[in-house]
Each structure stands twice: as structure tokens, then as C-alpha cells.
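What follows is a set of notes on a single structure, which appears directly below.
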Amino acid sequence: MSRCSDYSFLLVCVVGSQPFLGFMVQAHDADSGQAVGSWQVTPSTPATTMTCNNPNNTVTHNSRKSKQLVPLAWMPPKGYNGTVFFKGTVVTSYTTYWTDIASTPFKVVSV
């Protein structure tokens with residue numbers, strides 16, 4: 001996962017060196033470890049949101065079709081100032097998957 005750009009939302013890309021079938025991603029506050037923010041998906045995005053403690057704070061695949069790049073939009077909580085990192089799981093088959101994949105932490109500052 002990597003940060004693609006800077007807007008009022010962050011474009012986060014799930015990228016594989018090989019095609020994958022599924023994924024799940026959350027943003028976590030580096031200090032508390034809690035999931036923060038929410039995800040926005042469009043009809044063309046092969047993803048759907050889930051609620052785990054807070055509305056839309058988790059994003060996951062909505063299709064088992066093969067994919068190699070999935071752009072996702074993450075919105076920090078209103079007024080949020082802190083350090084976050086993205087944490088996810090990627091699945092290539094029923095028996096092959098990676099968990100606890102984490103991005104480099106970065107600072108979010110409300111404007």
C-alpha cells in the first residue's frame with residue numbers, strides 16, 4: 001500500500017507484484033492503534049466499505065476477480081491531527097495470503 005497523493009482525502013493504492021483476489025485495509029492511529037477515518041468508494045472501484053467500530057472505517061474487495069492495482073480514497077476524521085499508518089491483508093488464493101501489511105506512518109494535519 002502506498003500513498004498516491006494529497007487532497008482532502010488520501011488516495012491509497014493497494015498494489016501487488018502479482019495479481020491478487022482479495023484485500024482488506026484500515027487506517028490506524030499510530031498512538032492508540034485504533035482504526036480511524038473512513039473510506040469512500042465509487043461504483044467503478046472493486047471495493048466496498050465495512051463498519052468495524054466506526055462507519056466505513058474498513059475497505060475490502062467486492063469481487064474475487066483478479067486485480068493488481070486498486071485505488072482507494074481515505075478520509076481522515078474531521079479535525080484530526082496525528083500520525084497514521086495503513087494496515088491490510090492481501091489474498092492471492094485460499095491458502096496464500098499476507099496479513100499485517102503496514103505502510104510507513106505519516107502525519108495528518110487538519111487545515
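Quick notes on this structure:
- Relative contact order, percent, the chain [alpha-carbon distance under 8 Å, six or more residues apart]: 31
- Across the range 60-73, rounded Karplus estimates of 3J(HN,Hα) from the backbone phi angles (6.51 cos²θ - 1.76 cosθ + 1.60, θ = phi - 60°) give 9, 5, 10, 8, 8, 5, 5, 9, 10, 8, 10, x, 10, 10 Hz, Gly and Pro being marked x.
- The chain: most fluctuating residue of VAL90, VAL25, VAL41 per GNM, C-alpha cutoff 10 Å: VAL41
- Computed label-point distance, nm, for sites LEU11 and THR51 using a 7 Å Cα→Cβ extension: 3.0
- Inter-label distance, ALA30 to SER110: 2.0 nm, where each label sits 7 Å from its Cα along the C-beta direction.
- Restriction of the chymotrypsin sites (Phe, Trp or Tyr not before Pro) in the range 1-89 to DSSP coil positions whose beta-carbon has at most 12 other beta-carbons within 10 angstrom yields TYR7.
- In the range 1-102, the inverse of the mean reciprocal separation of distinct Cα atoms equals 13.8 Å; this is its Kirkwood hydrodynamic radius.
- For the pair THR95 and LYS65, a Förster radius of 22 Å applied to the C-beta separation gives a FRET efficiency near 0.70, rounded to the nearest 0.05.
- Of all DSSP beta bridges confined to the range 12-74, the antiparallel ones make up roughly 100%.
- Within a Gaussian network of the chain (alpha carbon springs, distance under 10 Å), most fluctuating of PRO43, PRO76, PRO55: PRO43
- Loop-located trypsin sites (Lys or Arg not before Pro) in the range 1-98 (DSSP state not H, G, I, E or B) with no more than 13 neighbouring Cβ atoms inside 10 Å: ARG64, LYS65, LYS78.
- Sequence-distant residues sharing a close amide H with GLY37 (under 5 Å, placed H): none
- Separation between Cα centres of the range 88-102 and the range 8-37, rounded to whole Å: 13
Read-outs: derived from the displayed coordinates by stated rules, not from any lab. Remember, predicted model here, so these are calculated numbers, not experimental data. All Cβ positions, glycine included, derive from the backbone under ideal geometry; neighbour counts span all protein chains shown.
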